[in-house]
Each structure stands twice: as C-alpha cells, then as structure tokens.
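Some notes on the structure that comes next.
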Amino acid sequence: MTDTPTSSHGTGPFIAAIDQGTTSSRCIIFDRDGRIVAVDQKEHEQIFPKPGWVEHDAAEIWTNVQEVVAGAITKAGQDIAGFTPSDVKAIGITNQRETTMLWDKNTGEPVHNALVWQDTRTDALCRELGRNVGQDRFRRQTGLPLASYFAGPKVRWLLDNVDGLRERAERGEILFGTMDSWVIWNLTGGVDGGKHVTDVTNASRTLLMDLKTLQWDAKICDSIGVPMSVLPEIRSSSEVYGTTDIGGLDAVPVASALGDQQAALFGQTCFAVGEAKSTYGTGTFMLMNTGETPVNSYAGLITTVGYRIGDAKPVYALEGSIAVTGALVQWMRDQMGLISTAAEIETLASSVEDNGGAYFVPAFSGLFAPYWRSDARGVIAGLTRYVTKAHIARAVLEATAWQTREIADAMFKDSSTEVTTLKVDGGMTSNNLLMQTLSDFLDVPVVRPMVAETTCLGAAYAAGLAIGFWPDTEALRANWKRAAEWTPQMDAGERDKEYKQWLKAVQATMGWLDDEQD
Amino acid sequence: MPGSIQSLERAAAVLRLLAGGERRLGLSDVASSLGLAKGTTHGILRTLQQEGFVEQEPVSGKYQLGAELLRLGNSYLDVHELRARALVWTDDLARSSGEAAYLGVLHQHGVLIVHHVFRPDDGRQVLEVGAMQPLHSTALGKVLSAFDPVARNEVAEGELAALTSRTVTGADDFESVLDLTRARGWGSDLEETWDGVASVAAPVYDRRRMPVGAVGLTGAVERVCDADGIQARLVAAVRDCARAVSRDLGAGRF
Ligand SMILES: Nc1ncnc2c1ncn2[C@@H]1O[C@H](COP(=O)(O)OP(=O)(O)O)[C@@H](O)[C@H]1O
C-alpha cells in the first residue's frame with residue numbers, strides 16, 4: 001500500500017510563513033483555504049552562559065531560516081503536481097518576541113549573541129531604571145512594566161558590555177532588531193540594501209515605542225540609553241517591506257511581520273473587539289482585541305499592539321500571561337512520576353468526579369498576572385486523607401482553568417469588555433477535560449479551530465492581505481473552521497463556591513519568601 | 001501435565017529465576033540452577049532475548065528481565081495519548097473531506113468515541129466525545145470487530161440488534177461483513193445505524209501492530225456516497241488518515 005494524495009490542496013497559488021521561534025525556526029506553506037501544504041523545521045542551540053542568561057546565535061538562526069524556506073519549497077514540489085516556487089506569492093514572518101540583537105550594518109555580522117526574552121540579566125538594570133517611580137515608570141506611554149523580558153534594556157546592556165559598541169553605534173555602524181527585523185533585513189538583501197524595519201507589534205515590546213503615536217519615544221530612548229540611530233523604522237504588520245530571492249524564490253514580496261502571540265490572535269481571526277484567544281503550551285498567553293484605542297491596565301495586564309493592517313488604524317490588545325500551565329503537567333510527569341505522558345493527566349484526572357477538595361496553585365517562581373508577587377511559592381491546599389493522586393491531577397488541570405479565569409476577569413476590569421467566546425490553541429487543547437473545565441470556569445463557550453498552527457497562519461494571512469491574495473479580513477474569517485466546541489455545563493452556585501476556594505488557595509501562596517527581592 | 005511443551009516450561013523457569021533473588025545471572029548460573037545443559041539454556045535465553053523478554057548486559061554478559069516483559073503488564077495505549085497523536089490528522093481528514101471525523105476504541109461491548117472533529121461548516125454541532133456507538137452496525141465498530149479479536153468476541157456474545165431496516169442481524173452475514181472488512185482494510189456503514197447517515201472507517205495500529213482503535217468519517221448519505229457506495233476519494237482519505245496516525249504511534253510504514 002502506498003500513500004496516495006487525496007486531498008484537494010493541489011492547486012496554487014500559496015503563501016509561505018516563517019516562524020522564527022524560541023526553540024526552532026519553521027516554514028509553513030498554506031493554500032488559499034488556509035490549509036497546510038508543506039512544513040519544514042529546524043531547531044537551534046540554546047546557549048546558557050550563566051544561570052539566568054539565555055542566548056541564541058543569530059547567524060545560526062538566519063542559516064536555519066534559509067534552510068527551512070528551501071526545505072518547505074522542496075517538499076511542496078514533491079507533494080504537489082506542477083508546483084514551482086513562483087506559486088508562492090508572498091512570505092510572512094512571525095517571531096519569538098523581545099529577543100534582542102545588534103549587528104554591523106556593513107558586514108551583516110551580529111556583534112554578540114541575541115539576548116533571549118527569558119534572559120534575566122537586565123533585572124537589576126530594570127530596577128535601576130525604575131528609579132523612585134518603580135516598574136510602571138514607562139507604562140503610560142508604552143503599556144509595559146519595566147521587566148527584563150523587554151528589548152530596550154537588553155539593547156542598553158549590550159551597548160554597555162560589548163567593547164567599543166556604543167562608539168560604533170554612535171558612528172551609525174550598528175543596527176538593532178528583534179528577530180523580525182533581523183530576518184527581514186537578511187531576506188531583503190542584507191548588506192546589499194536590506195530593509196531595516198520592524199512592525200508595530202514587535203516594536204510594542206521594546207519599552208521604547210509610544211503606543212499612541214506608534215513612533216519611538218525620544219525621551220524614553222534617552223532615559224534607557226538607546227541611541228535612536230540604531231532603531232529600525234516602525235511599519236505596519238501587513239505591507240510589502242521588500243522582496244526576497246532565497247530558497248529558489250524570485251522577487252517574492254516579504255509582506256508581514258507579527259510577534260508570535262499577535263500572529264496567533266490574527267490566525268484565530270480575532271478581528272472584533274472582545275474576541276480573545278488563549279494559547280496553551282508550556283505557559284499560556286491570552287490576548288483580547290480591545291479595538292482602536294489602547295486600554296491602560298490597572299489590573300496587572302500588559303497593553304500591546306494587536307496588529308495594524310497597512311494604513312488602517314492600529315488594533316490594540318490586552319495581554320495576560322500565565323507562567324506555568326503545561327509546565328505543571330510536565331512537573332507531574334517528570335518530578336512526581338505520577339504519569340508517563342502529558343496526555344495521561346486526563347486519564348488520571350477523569351478517574352474521579354471532582355478535585356476532592358484539593359487546589360494546586362503552581363506559583364513556582366512567584367505569582368504573575370494579575371498579582372505580580374515574587375514572594376509567592378506554590379501550594380497544594382485543602383489536603384485531607386481522602387485526597388488521592390487523581391484528585392491532584394484534577395487540581396492540576398483546574399489550575400490552568402482558574403488562572404485563565406483570573407486573566408479574563410482582569411481584562412473585564414480594565415476594558416469593561418467581556419470575553420464572550422474563547423478561541424484556544426496549543427498542545428494542551430488536545431485535553432478534552434481541560435477544555436470542558438475551561439468552559440465551565442469561564443462560563444463561556446471554548447472553541448478550537450481546525451488549523452492548529454495559528455501562529456504561522458496569522459503571518460500568512462497578514463502577508464496575503466498585503467498583496468491582495470485575500471481581499472479582506474472577512475474572507476479570512478470564512479476560512480476559520482471550528483474543529484470542536486465546549487459549552488459551559490457547571491451550576492453557577494458551584495462555580496462561585498469553587499472560585500472562592502481557589503482564591504483562598506492563591507492567598508495561601510503569598511508571603512512565603514521573607515525577602516521580596518529573592 | 002498432558003500436552004505441556006517442555007521448552008515453554010523451561011523458558012518460564014528461566015524467567016522466574018531472573019525475576020527472583022539476584023537480578024542478573026550469567027549463563028552458567030542459570031544452567032546450573034535449573035539443572036540444564038548450557039547449550040539448551042543458551043538457546044532459551046537467546047529466544048527470550050529476541051522477543052525482548054530478557055536482556056543481556058553488554059559488559060558482563062549477564063542476563064536480566066527485559067523491558068518488553070514489564071510492558072506486557074500495562075500494555076494498553078492511553079486513549080488520551082491516542083487522541084493527542086491523532087489530532088492534526090483528524091483535523092485534516094475533516095477539512096479535506098468536508099465531513100465530521102471520529103476516533104473510536106473498544107470499551108464495554110461498544111465503541112467509545114475518544115475524539116470528534118466537527119464537520120467544517122457553520123452548522124450547529126455537539127461534541128460527541130465520551131458517547132458510545134454499537135459495535136455491529138457502525139463503520140468504527142465493524143473495523144474494531146474485524147481487526148481486534150477481543151472486539152470480535154464481544155460482538156459475537158451480544159445481540160445484533162436491528163437499528164434500521166438495513167442493519168445486518170444474521171450471525172453468518174455479519175461474519176461475511178467482517179471478512180470483507182479485513183480483505184479491504186476498511187469498513188463502512190450504509191444507513192445501518194442511523195437512517196440517512198453513512199460512515200467509513202479504517203484501523204489504527206500501535207508500534208506492535210496491535211489494532212488500538214479506528215478512525216473514520218460520518219455524514220449524510222447524499223454527500224458521502226455515490227452509485228457504488230462510499231465515494232472512493234473518502235475511503236482513500238480515511239485510510240491515509242489511519243496510516244498517518246499509526247505511523248505517529250510508531251507502527252512503521254505499511
Ligand atoms: N493532553 C495534554 N494534557 C495536558 N497537557 C498537555 C497535553 N499535551 C501536551 N501538554 C502540555 O503542553 C505543553 C506542550 O505544548 P506546546 O504547544 O507544544 O508548547 P510549547 O510551544 O510551549 O513548547 C507541554 O507542557 C505539555 O506538558
């Protein structure tokens with residue numbers, strides 16, 4: 001028996017998307033219906049020079065990007081009769097957000113490894129930059145707290161710590177970029193006239209951009225110590241930045257850039273105010289479309305640009321992240337040995353009717369949104385002799401659902417907009433019990449789309465819009481297909497009672513460390 | 001013990017020996033403990049090793065129980081793992097066929113639906129995960145009965161209830177249906193469970209080539225069938241999907 005191609009995605013034209021992610025770079029080619037035609041992927045090295053430091057070799061990443069684009073094109077050529085690279089009409093980019101690098105504009109050489117978003121070396125610098133105001137010093141303009149994730153302080157660190165770099169930067173020899181800028185600059189020619197640009201969503205993660213004007217804020221750049229000469233031009237998320245010839249392509253427009261979570265928002269077609277998506281992987285990122293004006297957060301969320309299509313008004317989003325969701329399932333598997341695969345958590349949890357009174361708050365490195373308490377540590381509350389490992393498994397899944405509920409509540413507090421349906425993606429969405437629990441705890445329908453690769457799809461959509469491959473966002477909405485939907489089945493009184501218990505368990509985590517700074 | 005096979009008895013004795021007391025034994029230890037010739041003992045150990053029931057330590061040459069033996073005890077594939085592996089393939093099946101996709105396993109004399117992907121249109125649909133379907137009339141059930149001996153015994157013990165006027169209810173007729181299913185490598189249900197509804201399914205194998213489930217699609221007869229029964233392109237799509245899931249489970253190419 002052989003595999004015979006049966007599916008109908010045999011005819012072009014196509015759009016390609018590059019996902020330059022934290023652990024790997026991928027290229028996916030989509031057809032007009034948004035179906036996947038070919039995929040190629042390559043991992044890159046994670047470099048840990050010291051505890052808390054995480055770096056990537058940007059040159060390795062650029063090599064990998066070229067390989068996966070060529071690889072996906074080759075695969076499409078094998079699988080699709082009559083395919084030629086000229087069937088790829090545009091290429092879009094999505095990327096790990098905030099990861100920061102500087103390179104020499106004359107040689108194209110990175111001056112240092114890229115500092116990855118997880119890297120905490122700028123912790124002390126961020127505290128110092130907060131001065132007497134604290135971490136909200138730039139929040140009004142940028143929507144962000146002063147935290148080590150964001151790019152601006154990472155640039156400052158590089159300028160301070162790489163020999164002679166500040167002088168070279170001041171002479172105009174050095175370019176800064178997040179991974180989108182690095183990839184686009186190289187795609188569009190590199191030292192031969194490469195375009196030095198970034199998109200509004202990536203720029204909104206630097207701590208250097210004014211959310212309202214969508215321009216670099218000269219005063220903040222000065223305060224953080226970043227010369228404006230290194231900064232790329234800020235462009236929309238969906239427009240032609242230039243063309244590329246890599247991987248057998250010939251003058252194909254490079255036509256979109258979106259940070260990964262924003263790309264998922266786009267791929268999930270959350271184009272209306274109040275539409276929200278949540279991506280359930282190691283951690284979880286929930287973004288809600290809040291429309292054309294940025295909503296300040298007083299409830300511990302981040303204000304960010306969702307996307308901007310060409311000259312249209314920008315669309316903003318509120319973002320809440322949960323540090324530990326899939327990671328807690330991994331912990332049950334690797335540290336506790338209670339399950340042998342992540343999926344088995346559902347088997348174990350399904351063997352009981354409820355949590356048996358147990359609540360698990362996985363504040364492994366403190367509480368994040370909406371609390372931001374670094375003195376908190378994890379707690380399993382409500383233990384009695386009755387509680388079994390199955391109840392704990394249930395509490396593990398409920399922890400993800402309650403944390404999502406807290407973010408949704410915070411979003412409502414900030415924006416007065418209620419999430420009416422939650423669109424989900426990521427590895428944990430194969431867990432049926434978790435998806436039902438989410439719907440029960442949020443009291444809204446939870447829907448999973450048919451294409452799991454929402455991040456790449458979002459970049460492809462934005463690129464396709466820019467070149468008229470798809471006419472408008474309505475056409476993209478029509479492509480969005482529901483694979484499954486879970487509707488709330490929990491009694492309201494029961495929900496309230498359980499939520500109260502959860503909130504009590506959260507209180508129990510706080511103040512575990514004596515010194516807030518640890 | 002009439003009819004008992006000597007070499008199997010000896011193999012069992014070797015396994016018992018390795019399971020008790022000292023964990024690792026050399027060839028001569030095993031031979032002398034059981035009072036067997038070294039050559040005979042070596043033959044038994046080699047065969048057990050080939051089956052994965054015994055492992056030989058490369059450095060010392062000593063024997064111990066193998067991983068396969070440990071796996072025998074808890075060998076079933078977790079259904080949630082099965083769903084996770086099937087997810088992308090069943091999404092694609094639903095999308096390319098335009099019909100709802102299902103993944104089912106044998107459970108308490110019926111088919112337990114462990115995964116369901118909606119038909120890709122805007123029609124209102126309800127998630128059927130956790131629902132039970134009959135073994136004798138659905139495509140998923142027929143595939144499980146045809147390929148999994150346990151399912152076949154269960155269906156033989158039960159009654160072949162007439163669910164529609166087309167349900168096959170005679171024991172002999174049902175056996176021929178299973179023969180046909182095995183011969184073709186896929187099963188179908190033409191309005192035998194629900195009027196107006198047809199389905200097609202194919203078996204999913206794990207890495208030991210055990211049939212662990214069935215994957216298929218279900219839809220209105222007018223869309224799914226042509227004059228010859230289930231449309232050939234849908235049969236091919238279902239079989240491709242089943243093969244892809246099996247490969248993901250490590251079943252190897254076939
Ligand atoms: N069926 C499941 N139930 C619960 N958690 C799961 C399941 N499958 C995967 N996970 C969790 O999801 C995470 C992997 O999802 P993925 O989207 O690949 O994450 P990432 O992109 O962050 O690596 C892991 O942390 C794993 O523990």
Each residue of A:55-64 has, on average, a number of other protein chain C-beta atoms within 10 Å of its C-beta equal to 0
What do you get for trypsin sites (Lys or Arg not before Pro) in the range B:159-254 restricted to DSSP loop and a cutoff of at most 14 other Cβ within 10 Å of the site's Cβ? B:R166, B:R207, B:R208, B:R209, B:R253
Amide H within-cut-off set for A:D245, under 5 Å, with H built and near neighbours excluded: A:A251
With +1 on the Cβ of every Lys and Arg and -1 on the Cβ of every Asp and Glu, and nothing else charged, how large is the dipole of the protein assembly as shown about its Cα centre, in debye rounded to the nearest 20? 980 debye
The range B:36-117: chymotrypsin sites (Phe, Trp or Tyr not before Pro) in DSSP coil with no more than 15 other Cβ atoms inside 10 Å: B:Y76
Ellipsoid semi-axes in whole angstrom, largest first, where each is sqrt(5λ) of the Cα gyration tensor of the range B:6-70: 15, 13, 11
Among all helices in chain A defined by DSSP H, which have a length of 27 Å or more along the axis from Cα atoms plus a Kyte-Doolittle mean of at least -0.5? A:58-79, A:389-415
Relative contact order of the range A:205-315: what whole-number percent is it, with Cα pairs under 8 angstrom and at least 6 residues apart? 22 percent
What is the distance, in nm, between label points placed 7 Å from the Cα along the Cα-to-Cβ direction at A:R131 and at B:A162? 8.9 nm
Neighbourhood net charge (13 Å Cβ-Cβ; Lys/Arg +1, Asp/Glu -1) for B:I230: -2
Search the structure for amide H atoms under 5 Å from the amide H of A:A90, placed 1.01 Å from N in the peptide plane, and list their residues when 5 or more places away or on another chain. A:A16
Name the lysines eligible as straight-distance cross-link partners of A:K413: C-alpha to C-alpha under 19 Å, and not fewer than 8 places from it in the same chain. A:K277, A:K500
Proxy reagent accessibility, fewest Cβ within 10 Å first, across A:C270, B:C225: B:C225, A:C270
For a Förster distance of 45 Å, can you work out the FRET efficiency between the beta-carbons of A:A124 and A:D491, rounded to the nearest 0.05? 0.35
Quick check for you: which residues of the range A:125-163 have the amide N under 18 Å from the point 7 Å beyond the Cα of A:K219 toward its beta carbon? A:129-146
Interatomic Cα distance distribution for the protein assembly as shown, bins of 10 angstrom, percent: 3, 12, 20, 22, 19, 13, 7, 3, 1, 0
Between A:T293 and A:L383, 0.36 nm times their residue separation minus their Cα-Cα distance comes to what? 27.8 nm
Cβ-Cβ FRET estimate between B:A67 and B:R209, R0 fixed at 25 Å, reported to 0.05: 0.90
Assuming 0.36 nm per residue, please report the length gained on full extension of the stretch A:T341 to A:S365 beyond their Cα-Cα distance. 6.2 nm
Ignoring everything except DSSP H segments at least 4 long, calculate the 222 nm mean residue ellipticity for chain B; use -39,500 (n - 2.57) per segment, divide by total residues, nearest 500. -13500 deg cm²/dmol
Could you derive backbone 3J(HN,Hα) for the range A:100-111 from the dihedral phi with the Karplus parameters 6.51, -1.76 and 1.60 (θ = phi - 60°), listing whole Hz in sequence and x where the residue is Gly or Pro? 10, 8, 10, 9, 7, 6, 8, 9, x, 8, x, 8
Loop trypsin sites (Lys or Arg not before Pro), the range A:379-426, which have at most 10 other Cβ atoms in a 10 Å radius of their Cβ (DSSP): A:R385
May I ask you to evaluate 6.51 cos²θ - 1.76 cosθ + 1.60, the Karplus curve with θ = phi - 60°, for each residue of the range A:41-56 and list the ³J(HN,Hα) values in order in whole Hz, giving x for glycine and proline? 8, 8, 7, 10, 6, 9, 10, 10, x, 8, x, x, 9, 9, 10, 10
Test of understanding: what is the full-extension gain from A:V240 to A:Q78, defined as 0.36 nm times their sequence separation minus their Cα-Cα distance? 55.4 nm
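Treating the beta-carbon of each Lys and Arg as +1 and of each Asp and Glu as -1, no other charges, what is the dipole magnitude of the range B:6-70 about its Cα centre, to the nearest 20 debye?
I would put it at about 160 debye.
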Environment charge of A:E275, counting only residues whose C-beta is closer than 11 Å and scoring Lys/Arg +1, Asp/Glu -1: +3
Net charge (Lys, Arg +1; Asp, Glu -1) of residues whose beta-carbon lies under 13 Å from that of A:D311, A:D311 excluded, is +2
Helix-only mean residue ellipticity at 222 nm for chain A, each DSSP H run of n ≥ 4 adding -39500 (n - 2.57), per residue, nearest 500: -10000 deg cm²/dmol
Expected vector for the range A:25-30, Karplus 3J(HN,Hα) from phi with 6.51, -1.76, 1.60 and θ = phi - 60°, integer Hz, x for Gly and Pro, equals 10, 9, 10, 10, 10, 10
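All of the numbers you see were taken from the coordinates with simple rules; none came from a lab. Keep in mind that what you see is a predicted model, and the values were worked out from it rather than measured. With ideal geometry, Cβ positions are generated from the backbone for all residues, glycine too; neighbour counts draw on all protein chains shown.
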